Every structure is written in structure tokens, then in C-alpha cells.
Amino acid sequence: MRALLQPPDRLISKLNLRPSDVVVDFGCGPGFFTVPLSRVVARTIGVDVSSRMLEKAAKHAKKSGAVVEFLRSDGAEIKLEDESVDVILLNHVFHEIDDRRRVLAEFRRIMRPSGRLIIVERTRGSRLLAGRFGPPIIDETEVAREMQQAGFTLGQSIAHGSDSIIVGQKSN
């Protein structure tokens, strides 16, 4: 399935990351985005619910010479300090979260006051193929509404192939 995706650097280049940023790659899977992220920011933390995926990501990071931290979590409780993260990235993960309200509240807790939440989801394309070949197509306005209800101010939405990059900023 990864062969169907664009190279991670194309997405990362659109995120306006700073070299000083601390970034959480939530739902990091085998580290497809985590390792490239570690090359452009100060600290990268891969978070996934699956121990198996975290093992794969750690092997990928080691093989690539990347310095990455890994944590196991479903998002309800992430063992990071309050206000310690600049950016949280979810790439094709938001649609899989069961208790979004609770997870978004946890994101706000660990995010610095100027922090950004970046959610990438498939929002366009063939509904016949979606879900069978890649993530399902979801309604961008639904994602935006849930982000706003959780206390994020919507920044922008950037088209990225069949995906939308939906950016929210932590509101005080």
C-alpha cells in the first residue's frame, strides 16, 4: 500500500516545520513519516497503539541512523509533559480514533500554547476504491468541526493529492 503514497518529504515540505520544533507523529506505524521528520526538526516522537508497529519503526529509525523516541499509546494518555510539543501530525489516522474528544483533549494538554495540530486525511477520490485501497474518504468539514469543538482554531486546509492537510492551532 505504501507504494501508492507520495514520498513523505513532499508532505513534510508543506508543514512549515521549524528546526527547533518538537513533533509527535501520532499513529506512526512503521515510521514511514517519523524518520524523515527527524531530519528536519529538533525532536521527533513516534506514538502508536501497536507494539509491533513501534518495533518496526524503531528498526527503521536505527537502520536510517535517525534519532527518534517512541511511545505506546492510544492517545487517551500520552506520557509527555504538559505543553511540551510544538506539532502533532496525524497522517491517515484521525478516522481510526474511537474517542476523538478525549484524544484531542490530550493533544491540547501536551501541546505548547502556539502548537499546531496537523491532520491529513483522504477527502477526495473514488469512493469505490477508498477503504479497499488506502484510507476511506472522510468529510473535511467534520474533521474541522471536531477540531474546533476541542479548542483548536482552524488555520488552513492544503490540498495534497487526494488528501487534505487540515491545520489547527491550539486556542487559549
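The values are calculated or read from the model by the stated rules, or taken from the named source; none is laboratory data. All figures in this text were calculated on a predicted structure; none of them were measured in a lab. Neighbour counts run over all protein chains shown; Cβ positions are idealised from the backbone, glycine included.
Before moving on, here are some points about what is shown:
- Where a residue in region 58-81 is farther than 22 Å from Phe94 by Cα and its partner, wherever it lies, is in a loop (DSSP other than H, G, I, E, B) and of a type in the set (Phe, Trp, Tyr), with Cβ under 9 Å and at least six apart: His60/Phe32
- Among the criteria (1) in a strand (DSSP E or B); (2) loosely packed, with under 15 Cβ neighbours inside 10 Å; (3) of a type in the set (A, V, I, L, M), the one Ala105 does not fulfil is (1).
- A Cβ distance below 9 Å, combined with a sequence gap of six or more or placement on separate chains, defines the contacts here; from region 136-148, residues that are assigned by TED's automatic domain parsing to the domain that holds Ile166 and over 14 Å from Leu117 (Cβ atoms) reach residues that are among the polar types (S, T, N, Q) and at pLDDT below 90 in the pairs Ile137/Thr123; Ile137/Ser126; Ile137/Ser162; Ile138/Thr123; Asp139/Thr123; Glu140/Thr123.
- Check on Asp9, under 15 Å from the mean Cα position of the chain (by Cα), within 22 Å of Gly155 (Cα to Cα) and surrounded by 22 or more Cβ atoms within 10 Å (Cβ to Cβ): no
- The set of residues in region 149-172 that are among the β-branched types (Val, Ile, Thr) and free of Cβ contacts under 8 Å to residues at least 40 places away in the same chain contains only Thr153.
- Within region 41-65, restricting attention to residues that are part of a strand (DSSP E or B) and hydrophobic (A, V, I, L, M, F, W, C), the residue that is nearest to Ile12 (Cα to Cα) is Ile45.
- Residue check for Val103: among the hydrophobic types (A, V, I, L, M, F, W, C), assigned by TED's automatic domain parsing to the domain that holds Gln149 and either closer than 30 Å to Asp139 by Cβ or at pLDDT 95 or above (or both): yes
- Residue match in region 34-42 (condition: of a type in the set (Gly, Ala, Ser) and over 13 Å from the mean Cα position of the chain (by Cα)): yes
- Taken as a whole, the condition of being more than 17 Å from Met147 (Cβ to Cβ), surrounded by 22 or more Cβ atoms within 10 Å (Cβ to Cβ), β-branched (Val, Ile, Thr) and touching a residue at least 24 places away in the same chain (Cβ under 8 Å) does not apply to Val87.
- Leading residue by the ranking (modelled with the lowest pLDDT) among those in region 114-166 that are assigned to a strand (DSSP E or B) and basic (Lys, Arg): Arg122
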